[in-house]
Amino acid sequence: MNARAPSIETLAPDTVSDSVQVQSFAVEYAYPVVFTRHAFDPINTHLLDVLRRREAHKRHRVAVFIDGGVAQALPNLLGQIQAYFGAHAEHIELVGEAVILQGGEDCKNDPELISKLLKILSDKAIDRHSYALAIGGGAILDAVGYAAAIFHRGVRHIRFPTTVLGQDDSGVGVKNAVNWLGLKNLVGTFAPPWAVINDGVFIDSLPEREKRCGMSEAVKVSLIRDGTFFTWLENNVQALARFETVPLSYLIKRSAQIHMNQIALGGDPFESGSARPLDYGHWVAHKLERMTVQHELSHGEAVAIGIALDAHYSVLAGLLPAGEDLRVHRLLTSLGFKLWNNQLETRNAKGQLAVLQGLADFREHLGGELTITLLAGIGKGIEVHEINDTWVTESIAWLKQHL
Ligand SMILES: NC(=O)c1ccc[n+]([C@@H]2O[C@H](COP(=O)([O-])OP(=O)(O)OC[C@H]3O[C@@H](n4cnc5c(N)ncnc54)[C@H](O)[C@@H]3O)[C@@H](O)[C@H]2O)c1
Ligand SMILES: [Zn+2]
């Protein structure tokens, strides 16, 4: 027994009464987001640097997971990764073979995937000082990121996003998730990555539709945070619509920076409040994505529709000057988005627009009161707590008129 501990007899009477002791500490997160090309060229040291950014003296073990779509589009990738680790073998070790996983949303729907990933991490003896590195689209990053976050209560996770959406939005953030019980992103964590490496070479091999999809997220952040960026998008729309490398790289970088600023400076990185400003245009988008079958609308395509609809709604609500909605519509159309889907007019058994259920879903996901971001100007988001059904109906009619 500890000699200094008081005996029962000497305890003060208040020792046994109720007490509340507030535990409080802050944890700082900092992770590099690298923009580069040819990250697996042995002379490119970004990956080496992030792996060695702590404990530079030791040899670092890395389990690598690759999106099957990426491996197929870039048949030399596996060899390049092996050569990279071989060239820097003194400092880093590729543990076993890189694991190829089926990419796209199906991986997040696969109920077996997370246990399979945990088994692989265990077989490779990945510990809390070694790494799970994922190369792929947002879906693969979400799934591997989730497995890495729960394995040993969290191992270091490095992301190589390979889509425009991954590089300009999801990959630089702090979330991961898989779908469960048929519900999107039902299970996941907030877990900042160890590092993010955005390699432009992956974008070159992406199908055009995927390239376009990620651009709607850049339009979104320009509208809520940076009017100058929106004007830049307008001025460069023809080159962007041709997917030219230089403007597309700038679009990705600027959009990623704005997303990062929102997470770091927005005051709610782990989304405990009711607002999700980065989800401008998303209440419609999430619902439309679910209503259309067989991935007819991708996330980015649905977001483009949601952005345009909420721009016109913002005009009807007296928040955005008339005519600015047309600028938004023109930009998105010029980028190649089709701002219409017949599901917008679907009504439920009670005769209500089915898409309006998206508002209830949004509120339910966040908890608390309904909070929707609208526009008070180009580059200026504003939060509202009520959405008027009549104006939504009028906004849908406006989209149909402008087909
Ligand atoms: N965690 C977050 O904060 C966050 C935010 C937004 C979206 N997301 C998630 O991201 C997912 C969507 O991600 P996405 O749009 O990147 O698409 P995706 O991951 O579904 O990939 C789309 C397709 O492209 C292929 N692909 C990926 N990169 C390629 C490349 N370079 N070359 C050739 N093919 C390639 C994939 O194999 C797949 O078939 C959704 O599940 C969404 O929920 C997550
Ligand atoms: Zn989105």
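The values are calculated or read from the model by the stated rules, or taken from the named source; none is laboratory data. All of these numbers come straight from a predicted model, not from anything done at the bench. Here the Cβ positions follow ideal geometry from the backbone for every residue, glycine too, while neighbour counts run over all protein chains shown.
A few comments on the model shown:
Residues checked against (1) away from ligand 1 (no atom under 12 Å from the Cβ); (2) more than 28 Å from ALA285 (Cβ to Cβ); (3) touching a helix residue (DSSP H, G or I) at 6+ places or on another chain (Cβ under 7 Å); (4) among the small types (Gly, Ala, Ser):
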residue: ALA125; (1), (2), (3), (4): yes, yes, no, yes
residue: TYR131; (1), (2), (3), (4): yes, yes, yes, no
residue: ARG159; (1), (2), (3), (4): no, no, yes, no
residue: ASN176; (1), (2), (3), (4): no, no, yes, no
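- For segment 87-101, a residue qualifies if it is over 27 Å from VAL178 (Cα atoms) and surrounded by 12 or more Cβ atoms within 10 Å (Cβ to Cβ), and the qualifying residues are ALA87, HIS88, HIS91, ILE92, GLU93.
- Meets criteria (touching a strand residue (DSSP E or B) at 6+ places or on another chain (Cβ under 7 Å), among the β-branched types (Val, Ile, Thr) and assigned by TED's automatic domain parsing to the domain that holds GLY103) for ILE197: yes
- Matching residues, segment 289-310, being away from ligand 2 (no atom under 16 Å from the Cβ) and of a type outside the set (S, T, N, Q): MET291, VAL293, GLU296
- Consider segment 206-255 and keep the residues that are small (Gly, Ala, Ser) and farther than 19 Å from ALA308 by Cβ. The one that is farthest from ligand 2 (Cβ to nearest atom) is ALA239.
- For the criterion of being of a type in the set (A, V, I, L, M) and assigned to a loop (DSSP other than H, G, I, E, B), ILE66 fails.
- Test: residue in segment 280-297 that is under 24 Å from PHE35 (Cα atoms), within 16 Å of ligand 1 (Cβ to nearest atom) and not charged (D, E, K, R): no
- Some residue of segment 279-288 being more than 15 Å from ligand 2 (Cβ to nearest atom) and either assigned by TED's automatic domain parsing to the domain that holds CYS213 or closer than 20 Å to PHE229 by Cα (or both): no
- The residues on offer are ALA149, ALA177, and the sole one that is more than 14 Å from ligand 2 (Cβ to nearest atom), more than 21 Å from THR245 (Cβ to Cβ) and of a type outside the set (Phe, Trp, Tyr) is ALA149.
- Note on segment 243-261: residues that are surrounded by fewer than 19 Cβ atoms within 10 Å (Cβ to Cβ) and closer than 18 Å to ALA191 by Cβ total 1.
- Among the residues of segment 346-403, the one identified as surrounded by 17 or more Cβ atoms within 10 Å (Cβ to Cβ), assigned to a helix (DSSP H, G or I) and among the hydroxyl-bearing types (Ser, Thr, Tyr) is SER395.
- Elements of type helices (runs of 4 or more DSSP H) in segment 201-320, at least 3 residues being touching an Asp or Glu at 6+ places or on another chain (Cβ under 6 Å): 208-225, 245-265, 299-316
- Qualifying residue in segment 65-79 (condition: of a type in the set (Asp, Glu) and out of contact with any Ser or Thr (no Cβ under 7 Å at 6 or more places or on another chain)): no
- Taking residues in segment 17-34 that are on the phi < 0 side of the Ramachandran plot, and partners anywhere that are among the basic types (Lys, Arg), the pairs with Cβ atoms closer than 9 Å and at least 6 places apart or on different chains are PRO32/ARG53.
- When GLY300, GLY306, GLY266, GLY351 are checked against the criterion of being closer than 20 Å to ASP226 by Cβ, without any contact (Cβ under 8 Å) to a residue 24 or more places away in the chain and of a type outside the set (Phe, Trp, Tyr), GLY266 stands alone in meeting it.
- With respect to being hydrophobic (A, V, I, L, M, F, W, C), away from ligand 2 (no atom under 13 Å from the Cβ) and part of a helix (DSSP H, G or I), LEU186 falls outside the description.
- Residue among ALA149, ALA71 that is buried (at least 19 other Cβ atoms within 10 Å of the Cβ), over 26 Å from VAL219 (Cβ atoms) and within 15 Å of ligand 1 (Cβ to nearest atom): ALA149
- Inside segment 102-128, residues that are within 16 Å of ligand 2 (Cβ to nearest atom) and surrounded by fewer than 16 Cβ atoms within 10 Å (Cβ to Cβ) make up a count of 0.
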